[in-house]
Structures are given as structure tokens and as C-alpha cells.
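The values are calculated or read from the model by the stated rules, or taken from the named source; none is laboratory data. What you see is a predicted model; the values in this text were computed from it and never measured. Every residue, glycine among them, receives a Cβ derived from its backbone with ideal geometry; neighbour counts consider all protein chains shown. Keep in mind that these areas ignore ligands, DNA and RNA; they rest on the heavy atoms of the full protein, side chains included. Shrake-Rupley method; radii C 1.70, N 1.55, O 1.52, S 1.80 Å.
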Amino acid sequence: MDIKLIKKDFPIFNNDPDLVYLDSTATSLKPRPVIEKEREYYEKYSANVFRGIYKISEKATEEYEETRKIVQVFISAGSSNEIVFTRNTTESLNLVAYSLGRKIISQGDELVTTIMEHHSNFVPWQQLTLENGAILKVMDVSDEGYLDLENRHSGRRNATGAVVDRDSGHRIARASGGNQSGMTLNNLDKIITKKTKILALTYVSNVLGTINPIKAIIKAAKKINPEVIAVIDAAQAAPHMKIDVQDLGCDFLAFSSHKMLGPTGVGVLWGRYELLADMFPFNFGGEMIEEVYLDRTVFKYPPHKFEAGTPHIAGVIALKTAVEYLQNIGMEKIRQHEAQITQHALNELNRHFSGQINILGPNLAAQKGGIIAFTFGKYHSHDIAQILDEVNICVRAGNHCTMPLHDRLGVNSSVRASFYLYNTIEDVAKLITGLKKAQTILG
Ligand code: PLP
């Protein structure tokens with residue numbers, strides 16, 4: 001990969017050549033072809049989709065549906081009818097929790113998730129269990145940032161029989177401790193049972209960077225209970241590695257366009273067709289209906305049943321260009337580049353700030369995405385991010401929408417540097433220099 005050439009495709013670097021952008025986990029930068037594709041829609045065929053009996057509307061519809069086909073191939077889905085466009089990963093996951101969750105979950109049922117989830121794959125399930133009297137079981141992580149699949153601590157039962165946290169009384173079953181060697185699937189039946197209806201799991205943690213062995217977990221979970229529905233949050237996986245939903249054996253998978261070079265305001269939900277077909281719509285309105293009478297409505301088949309109202313047409317159309325851009329480079333090469341730069345950054349951070357820096361999650365790039373979150377001495381993450389910003393380095397500071405994980409790790413907040421295809425070894429050197437400056441200023 002020629003990073004210098006790649007950077008030329010990103011107009012933001014023309015405008016700001018010294019920019020060190022280390023926040024692609026929050027959102028990625030956009031290459032020129034994607035920006036131009038959005039513009040092409042507005043300048044050449046800016047009509048609504050599915051509605052017009054005229055050429056530019058037909059062209060817009062054709063381009064919109066082309067994206068569905070390319071996304072299907074991108075994640076190796078069986079049919080483009082399994083690809084639903086939403087606003088983002090958050091909406092995709094909420095759609096499943098609302099439309100499927102409310103249909104299949106009732107009192108006493110169990111949902112399993114993990115403590116490393118982004119709030120968008122945690123709160124929808126938590127709220128569902130609170131509403132329906134179901135039980136939320138939360139897999140813990142080891143201190144090293146790997147899933148503790150043994151679930152060695154399963155809380156206590158309250159008067160209603162729900163499993164609750166021993167300390168707070170919250171309705172969960174929380175595992176504890178463990179380390180990488182605790183990553184065995186042999187004891188998964190301590191957490192996945194015949195009552196488990198949903199397994200909601202992130203592919204790559206947006207803080208620890210940990211790449212979870214989701215294929216093995218899904219296989220083991222379905223062996224215990226074939227009815228378990230596996231919902232995968234791929235927000236930090238789809239932009240960075242090859243995904244094959246059929247090989248993974250999952251039932252739903254969600255990701256966002258804006259994290260993979262595409263426009264904001266577009267998300268993808270992939271679901272197995274028979275599950276989508278059986279689900280109630282999430283929103284009602286235009287273009288999701290077949291027939292409407294005064295007393296009843298016949299809905300369209302998936303995916304259109306889930307796409308009520310005018311979508312982000314330009315965004316969906318330009319997502320196709322983003323996918324093509326990634327495919328032209330090759331997902332394997334992108335992953336390789338990120339792993340190299342991440343390992344280099346881990347080595348440099350540990351070398352320069354030994355004893356002061358606390359990396360959250362694995363220290364080995366082979367086991368994580370291009371994400372390094374850390375705490376640094378006694379300094380507050382916001383102070384560090386502000387000083388880095390003074391030298392034009394963008395990092396994220398805070399809890400990164402993972403409060404339960406930060407609580408579990410015993411930290412209030414962390415600094416997060418993340419890498420994508422346009423980041424270089426020089427960016428890492430600048431980060432180190434910036435952190436030294438922060439050290440000097442903060443004392
Ligand atoms: N899941 C993970 C792992 C994330 O990192 C994010 C965003 O950072 C989300 C979900 C939510 O994505 P969005 O804000 O695009 O809905």
C-alpha cells in the first residue's frame with residue numbers, strides 16, 4: 001500500500017497537510033470519489049427513489065439498489081434482500097431489539113451480551129429486559145481485555161428469580177476476572193442456556209481493540225441452544241477486515257457507512273431473510289407498504305418493509321463508492337497495514353512511557369484492530385487530548401460510549417488513538433512527541 005498516494009485521495013489532507021487524524025474509530029475521513037459521488041447525485045439525478053416514473057428517479061433508484069448489491073458481496077450475504085439501509089449501527093441494532101426482541105422475548109428469557117459492548121449494543125438489550133422481565137447476562141473481560149468465556153461468577157438471584165449483580169442488585173449475571181487463558185468455550189454453557197434467546201456481541205471492541213472469536217462463540221452457543229439468535233455489532237470490523245456473514249454463522253450484523261469512508265447518516269443491517277420476513281416493521285409510513293386500507297395495512301417484503309420514508313439517498317449511493325474504494329485496495333492489505341502500524345505504536349508507547357502508560361486491552365496487534373486506548377499517569381484524558389490538538393493531532397478522550405467497560409477496568413476515561421489506511425509511521429512519531437509535550441506541560 002502506498003500511503004502517500006492514498007492520502008492524496010483525501011481532500012482533508014490537501015487542506016491541512018499536517019493533520020494527524022487518529023480518530024477513525026469515531027468516524028473515518030472521506031476520499032474524493034465518495035464526496036464526488038454524493039455531489040453527482042445532487043447535480044445529475046437528484047430525485048426521490050422508488051416513486052418517480054421518470055428517468056432521473058429511475059436512475060436514482062437504480063444507483064440506490066446497486067449499493068445494496070455491492071454491500072451484499074462485501075459481506076458475502078446470500079441475497080441483496082437481506083441488506084437493510086438504516087441511519088447507522090445504532091439504528092440497525094435498535095431495529096433488531098425492537099422488531100425481533102419485542103416479538104420473541106418474554107419474562108424469564110435470557111439475553112447474553114458482554115461488558116465490552118458500545119452502548120448501542122448494550123442499552124437496547126438492557127431496556128428490553130427491563131421492560132419484559134427478562135434476564136440480561138453480561139460476559140466479563142479479563143484484565144488483559146479478552147472475553148471471559150468461562151463466566152466464573154454468575155451473580156445471585158433476586159426475589160423474582162432474576163440474576164442480579166451482587167453489589168448493586170442490578171438485574172445481570174456478571175462474570176469476573178480471568179485472563180487470556182480463560183478464553184475457553186468449554187464453560188460457555190454457564191452463561192448460554194436453553195433459555196437464551198439472543199446473543200449480542202461486538203466483533204471488535206471500540207476501546208480494547210480486541211477481536212473476539214465470534215465464529216467460535218456463535219458455533220459453541222448454537223450447539224448449546226440452536227435457537228440462540230446471534231446479533232453482531234461489526235461497526236469496528238466491517239471497515240477494517242473481510243467479513244463473511246455466512247461463514248461467521250451469525251443471524252444479524254450491523255455497521256455504519258461513516259466509519260468505512262462513506263457518508264454519515266447511513267447504516268447497514270444484514271439479517272437472515274427468514275428472520276427479517278417474520279419481523280414486525282420498525283417504522284411505518286411511505287414506501288414500506290404494499291396496500292393500505294382503513295382498517296389494515298399489507299407491508300412490503302424485506303428489505304423495503306424496514307425502510308419507511310425517504311432515505312439518505314445520496315449517502316447510500318456514495319456508500320457504494322466507499323465499498324469499491326476499499327475493495328480496490330483489498331481488505332487483507334488494509335488489515336495488514338493497520339496491524340503493522342498498531343504494533344509499532346504499541347512498541348513505541350511502551351518504550352517511551354514505560355511505567356506511566358496503561359494500555360487498555362491486548363498489547364499484541366495480531367489480536368486487536370487498529371485501536372489503542374490508554375490512560376497516562378495521573379493526567380486526565382481530556383487534558384491530553386487538548387494538548388495533542390494544539391499540535392494538530394486528533395484523538396478521542398472520554399469513555400467512548402462504553403461506561404460499563406470503563407467501570408470494570410476501574411478507570412473514568414481514557415485516551416484513544418485509532419488507525420486506518422491513511423495513517424503512517426510518522427503519525428505515530430508525532431503522537432509520541434505530542435505525549436511528551438503533554439507530560440512536560442502537565443508536570
Ligand atoms: N458499535 C461500536 C463498536 C462502535 O464503535 C460504534 C461507534 O463508535 C457504534 C456501535 C455506534 O455507531 P454509530 O454511531 O455509527 O451508530
Open item on the list: Restricting to DSSP H runs of at least four residues, report the calculated mean residue ellipticity at 222 nm for the chain, -39500 (n - 2.57) per run over all residues, nearest 500 deg cm²/dmol.
Closed with: -10500 deg cm²/dmol
Task: Antiparallel DSSP beta bridges within segment 216-340, as percent of all bridges there, nearest 5 - done: 75 percent
TODO: Taking H placed 1.01 Å from N in the peptide plane, check which residues at least 5 places from residue 137 or on another chain put their amide H under 5 Å from its amide H.
DONE: 111, 112, 113, 173
Open item on the list: If I model a spin label at residue 390 and residue 366 as a point 7 Å from the Cα along the Cα→Cβ vector, what separation in nanometres do I get?
Closed with: 4.1 nm
- [ ] Work out from phi, with θ = phi - 60° and the Karplus expression 6.51 cos²θ - 1.76 cosθ + 1.60, the ³J(HN,Hα) of each residue of segment 342-350, listed in order in whole Hz, and give x for Gly and Pro.
- [x] 5, 5, 4, 5, 4, 4, 5, 5, 5
TODO: Starting from the Cα-Cα distance between residue 336 and residue 44, subtract it from 0.36 nm times their residue separation and give me the gain in nm to one decimal.
DONE: 101.3 nm
Task: the chain, relative contact order in percent, only Cα pairs under 8 angstrom and at least six apart counted - done: 21 percent
TODO: Compute the label zone of residue 65 within segment 294-329: residues whose backbone N is under 13 Å from the point 7 Å along Cα-to-Cβ.
DONE: 303-304
Open item on the list: Against the empirical 2.2 N^0.38 Å scaling, what ratio does the C-alpha Rg of segment 339-413 come to?
Closed with: 1.10
Open item on the list: Can you tell me which aspartates and glutamates have their Cα less than 14 Å from the Cα of residue 437? Leave out same-chain residues fewer than eight positions away.
Closed with: 383, 389, 390
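Can you give the FRET efficiency for residue 440 and residue 291, using 1/(1 + (r/R0)^6), R0 = 56 Å, r = Cβ-Cβ distance, to the nearest 0.05?
0.20
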Task: Subset of 137/222; 137/194; 222/300; 190/215 violating a 23 Å alpha-carbon distance limit - done: 222/300
- [ ] May I ask for the distance between the Cα centers of segment 245-302 and segment 87-116, given as a whole number of Å?
- [x] 14 Å
Task: DSSP loop chymotrypsin sites (Phe, Trp or Tyr not before Pro) with at most 14 other Cβ within 10 Å excluded, longest remaining stretch of the chain - done: 55-283
Open item on the list: For a bin width of 5 Å, list the pair-distance distribution of segment 55-326 built from all Cα-Cα distances, rounded to whole %.
Closed with: 1, 6, 13, 17, 18, 16, 12, 8, 5, 3, 1, 0, 0
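Tell me the carbon and sulfur percent of the accessible area for segment 55-326, rounded to whole percent, probe radius 1.4 Å.
Of all accessible area on segment 55-326, carbon and sulfur atoms account for 50 percent.
For segment 188-280, what class follows from the C-alpha gyration tensor (a ≥ b ≥ c being the square roots of its eigenvalues): rounded when a/c is under 1.5, otherwise prolate if a/b is larger than b/c, else oblate?
It is oblate, given that a/c is not under 1.5 and a/b is not larger than b/c.
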Open item on the list: Suppose we keep just the DSSP beta bridges with both residues in the chain; what percent of those would be antiparallel, to 5?
Closed with: 55 percent
Task: Descending semi-axes in Å of segment 283-330, equivalent ellipsoid built from Cα gyration tensor - done: 33, 10, 6
TODO: Hand me the tally of lysine pairs in segment 3-85: alpha carbons under 13 angstrom apart, and the pair either on different chains or 8 or more positions apart.
DONE: 4
- [ ] Would you mind finding the longest exposed-site-free stretch of the chain, with exposed GluC sites (Glu not before Pro) meaning DSSP loop and at most 16 other Cβ atoms within 10 Å?
- [x] 1-226
Task: Derived scalar couplings ³J(HN,Hα) [segment 235-247; Karplus, 6.51 cos²θ - 1.76 cosθ + 1.60; whole Hz; x for Gly, Pro] - done: 4, 9, 10, 4, x, 10, 8, 5, 10, 10, 5, 6, 5
- [ ] Rounded, prolate or oblate: pick one for segment 1-96, where a ≥ b ≥ c are the square roots of the eigenvalues of its C-alpha gyration tensor, a/c under 1.5 means rounded, and failing that, prolate if a/b is larger than b/c, else oblate.
- [x] oblate
Task: Using θ = phi - 60° and Karplus 6.51 cos²θ - 1.76 cosθ + 1.60, couplings along segment 255-268 (whole Hz; Gly, Pro as x) - done: 7, 10, 4, 5, 8, 10, 6, x, x, 6, x, 9, x, 10
Open item on the list: Using a Förster radius of 25 Å, what is the FRET efficiency between residue 51 and residue 274 based on their Cβ-Cβ separation? Nearest 0.05, please.
Closed with: 0.30
Open item on the list: Quick one: the Cα spread of segment 228-328 along its three principal axes, in angstroms, biggest first?
Closed with: 49, 36, 17
TODO: Take peptides 404-415, 204-215 and line them up by average Cβ neighbours within 10 Å, highest first, as a rough protection proxy.
DONE: 204-215, 404-415
